[in-house]
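The values are calculated or read from the model by the stated rules, or taken from the named source; none is laboratory data. From a predicted model like this one, the values you see are computed outputs, not experimental measurements. In this analysis, Cβ positions are derived from the backbone assuming ideal geometry, glycine residues included, and neighbour counts consider all displayed protein chains. To get the accessible areas, we keep the full protein, side chains included, count just its heavy atoms, and leave off ligands, DNA and RNA. Shrake-Rupley method; radii C 1.70, N 1.55, O 1.52, S 1.80 Å.
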Amino acid sequence: MKPFLETSIEFLAGVGTERAKLLREEFGIRTYNDLLYHFPFRYVDKTQFHQINSIQSDDADIQLRGRITAVRTVGQARGQRLVADFTDGTGVIELVWFKGIKWVKPKLLPNIDYVVFGKPSNYKGSYNMVHPEFETVEAQQKRVSNALVAVYPSTEKAKEKHLDSKGIARLMNTLVSQLPGKGHIAELYGPEFRQKNHLVSREEAFINVHFPRDTESLKKARFRLKFDELFFIQLRLLKLKLINQNKFQGAVFAEVGELVNRFYTECLPFDLTEAQKRVVREIRHDLGSGKQMSRLLQGDVGSGKTIVALMSMLLAVDNGYQAALMAPTEILAEQHFATITKFLAKLNLHIALLTGSTKTAERKVLHEQLRTGEIHILIGTHALIEDVVQFHKLGLVIVDEQHRFGVQQRAKLWLKGNDGEVPHMLIMTATPIPRTLAMTVYGDLDTSVIDELPPGRKPIKTLHRFDSARQKIFDFMRQEIALGRQVYVVYPLISESEKLDFKHLEDGYESIVRDFPQPQYQVSILHGKMKADQKDYEMQRFKEGKTHIMVSTTVIEVGVDVPNASVMVIESAERFGLSQLHQLRGRVGRGAEQSYCILMTGYALGQEARTRMETMVRTNDGFEIAEVDMRLRGPGDIQGTQQSGKPIFQITNLSKDGQILQLARNAAVELLSDDPELEKRENALTKHYLIQEMKNRPNWARVS
Ligand code: ADP
Ligand code: MG
């Protein structure tokens with residue numbers, strides 16, 4: 001027999017075929033269980049009363065307590081309405097009924113204390129409340145239990161069929177009243193685990209989240225349900241990690257190593273920041289542990305991730321292994337190759353570059369040298385994970401700017417090890433994501449963070465200007481160019497096929513060429529429709545300082561280093577998301593001079609766009625920006641955390657529930673360290689549910 005909660009919603013008393021269709025289409029509710037997961041978005045506290053003289057026009061449903069002073073019927077026939085004056089001593093409000101006049105009227109008595117509940121609206125300066133709920137104070141006091149009333153999300157279409165918040169609450173009541181003591185809501189943990197983590201039963205949680213007894217029980221209910229959501233994601237990710245670690249062995253880098261030491265003393269032209277030191281220690285610890293490392297390294301642009309990567313690679317070489325660094329584009333691979341070769345010049349290592357444009361003959365030699373182990377460090381693009389590329393003994397792979405790599409490409413790297421060993425993996429990203437989100441999306445990876453910039457860096461000054469100030473901005477650009485600096489001007493081109501965007505870019509380019517005439521000024525243009533070699537050519541000219549201004553779409557490479565570029569002008573900045581704006585800003589500020597980021601927008605800005613501009617102007621801190629971004633957009637839109645339109649969380653709010661997340665993660669770690677296979681009897685429920693979850697939610701955690 002089907003479990004009770006899987007019953008089709010159509011069979012719930014008060015639903016039927018038509019409403020079932022509506023519930024499905026408007027809210028995705030198909031079963032009893034789905035209805036239970038339709039959580040209230042707020043609660044009205046029925047122990048609190050508003051005062052009439054302090055009603056705000058945007059008050060949602062409120063509760064008043066007072067007496068009726070007059071009742072009258074206004075209008076004729078179908079336009080007829082019943083109006084009652086209601087006062088609480090601070091003011092008067094009109095209660096209005098258009099329907100049910102006949103049976104409401106006799107209930108409205110003088111000299112009796114009433115409680116009324118509804119949404120006030122302002123009509124010509126005074127307030128009224130249409131179709132309020134009302135009852136005597138005496139009656140309400142007999143029902144102490146219903147102090148907090150759930151308010152449910154609804155839609156216009158649903159409201160037409162009386163499925164507004166109240167209508168939904170009625171259905172919920174029908175369902176929830178069938179639950180207590182029937183065992184329909186399965187428990188997920190053993191009693192000891194529940195006690196240790198202060199969890200009320202799941203049944204109690206569902207009952208109280210919809211019909212809270214009081215504030216305290218509501219708090220406990222919400223905690224329990226959020227804990228469940230977060231705990232099973234963590235448990236699942238940690239389990240995945242355990243499975244991988246048990247299946248594969250990681251190379252052990254036991255030696256601290258001569259190369260690392262020599263690099264540190266002879267090659268490093270500056271001191272590492274404390275954050276860099278800490279991360280190097282974390283990586284070293286992993287690499288010596290005998291377990292395969294899967295680590296995510298987050299660090300804002302310019303925080304110095306390359307050095308950390310480099311030292312990790314030297315550690316591999318010190319221990320007789322090869323190391324590879326994979327970048328998302330040729331330009332970036334070449335740039336890494338140049339930097340790293342320069343840094344390591346004294347160490348006499350064989351470093352090679354392999355990209356799509358490596359000539360066939362050269363490639364053959366490279367392949368051979370990789371197989372024999374002659375090459376110590378290989379730097380390249382996707383080309384280095386092709387099947388033909390075989391290593392002698394690959395110990396470490398570093399992936400830079402990981403968000404451009406797919407899971408499958410990453411998985412391919414696992415197979416590049418030798419003798420049953422899997423190379424260690426370090427994934428570097430300059431797109432900080434909030435810690436809570438990182439724990440959710442990359443919970444199977446360990447994370448390191450470089451949260452400190454090298455000393456002496458001047459923070460980029462960010463300004464927000466309206467389009468009308470363009471001539472002033474041009475003057476400013478001229479000044480900077482006169483000082484020998486270079487300028488980026490970026491246009492949004494959300495999709496390269498959008499004709500209008502493209503026209504903006506071309507118009508912008510033309511107006512800049514007009515205002516910055518040759519031969520005094522040289523202007524480059526770069527966009528996605530150009531051929532690869534043409535793009536490289538323009539980028540190269542700009543890098544070499546042969547052009548002063550680079551007009552482009554967002555195709556300007558993530559991570560490209562032009563230290564002499566000191567100004568970034570972003571056109572139609574309101575059309576970019578926060579993290580994208582922050583990424584773009586990271587293109588400047590790489591040299592010693594003061595750098596600027598100028599956000600150009602029109603006057604008419606929505607609230608959200610204004611918050612984005614203000615955030616950019618206020619802070620350079622990528623993590624702070626990521627937090628705001630998550631608050632504005634919700635976690636679903638960020639980093640592809642949403643699968644097939646179904647949000648990961650029904651009740652958790654990642655920007656607010658970080659603490660519960662941490663508790664849930666700790667609990668999962670503890671549980672698995674005590675019982676890695678979940679074999680113990682007291683964990684049987686947990687195991688059962690985990691298996692179900694793994695079936696229901698295919699790999700959403702690895703979308704990036
Ligand atoms: P990103 O994290 O964006 O990849 P890079 O590794 O490219 O940053 O470093 C940015 C610049 O800062 C480079 O020129 C690098 O040599 C320099 N750098 C890195 N670490 C330090 C440090 N500790 N002190 C001074 N300069 C540093
Ligand atoms: Mg970098």
Exercise for the section: State to the nearest 20 debye the size of the charge dipole of the stretch 517-576 about its Cα centre, where the only charges are +1 on K and R beta carbons and -1 on D and E beta carbons. Expected result: 160 debye
Exercise for the section: Please sort by residue number the chymotrypsin sites (Phe, Trp or Tyr not before Pro) in the stretch 244-349 whose DSSP state is loop and whose Cβ has at most 11 other Cβ atoms within 10 Å. Expected result: Phe270
Handout entry: Pairs of lysines in the stretch 461-619 (C-alpha under 16 Å apart; 8 or more residues apart or interchain)
Key = 4
Handout entry: Semi-axes of the equivalent ellipsoid for the stretch 465-574, Cα gyration tensor, largest first, Å
Key = 20, 18, 13
Problem - Diffusion coefficient, µm² s⁻¹, Stokes-Einstein with Kirkwood Rh over alpha-carbon pairs of the stretch 219-266 at 25 °C and 0.890 mPa s - result: 167 µm²/s
Exercise for the section: Any chance you could run the full-extension gain for Arg371 through Lys166? It's 0.36 nm times the residue separation minus the Cα-Cα distance, nm to one decimal. Expected result: 66.7 nm
Practice task
Please state the charge dipole magnitude for the stretch 314-469, taken about the Cα centre, from unit charges on C-beta atoms (+1 on K and R, -1 on D and E), reported in debye and rounded to the nearest 20.
Solution key: 420 debye
Exercise for the section: Work out the FRET efficiency for Lys503 and Arg478 from their Cβ-Cβ distance, taking R0 = 30 Å, and round it to the nearest 0.05. Expected result: 0.70
Handout entry: Computed over the stretch 312-421, Kirkwood Rh from alpha-carbon pairs, angstrom
Key = 13.9 Å
Handout entry: Computed helical MRE - 222 nm, the chain, DSSP H runs ≥ 4 contributing -39500 (n - 2.57), nearest 500
Key = -11500 deg cm²/dmol
Exercise for the section: Could you pull out the trypsin sites (Lys or Arg not before Pro) across the stretch 87-133 that fall in loop regions by DSSP (anything but H, G, I, E, B) with no more than 16 other Cβ atoms inside 10 Å? Expected result: Lys99, Lys124
Handout entry: Selection from Val92, Thr69, Gly125, by position along the positive dipole direction of the stretch 48-146 (Cβ)
Key = Thr69
Fill in the blank from the handout: Taking r as the C-beta separation of Ser126 and Thr619 and R0 as 45 Å, the FRET efficiency to the nearest 0.05 is 0.50
Exercise for the section: With an 8 Å cut-off on Cα pairs and a minimum separation of 6 or more residues, tell me the relative contact order of the stretch 48-146 in percent. Expected result: 28 percent
Handout entry: Residue order for Arg457, Arg363 - accessible surface, 1.4 angstrom probe, largest first
Key = Arg457, Arg363
Exercise for the section: With only Lys, Arg, Asp and Glu charged, each at its Cβ (+1 for the first two, -1 for the last two), find how big the charge dipole of the chain is about the Cα centre; round to the nearest 20 debye. Expected result: 1760 debye
Exercise for the section: Give a residue-ordered list of calculated ³J(HN,Hα) values for the stretch 581-594 (Karplus: 6.51 cos²θ - 1.76 cosθ + 1.60, θ = phi - 60°; whole Hz; x for Gly, Pro). Expected result: 4, 5, 4, 4, 4, x, 5, 10, x, 9, x, 7, 6, 5
Handout entry: Cα convex hull of the chain, projected area averaged across orientations, nm²
Key = 39.6 nm²
Problem - Normalised alpha carbon radius of gyration of the stretch 48-146 [divisor 2.2 N^0.38 Å] - result: 1.05
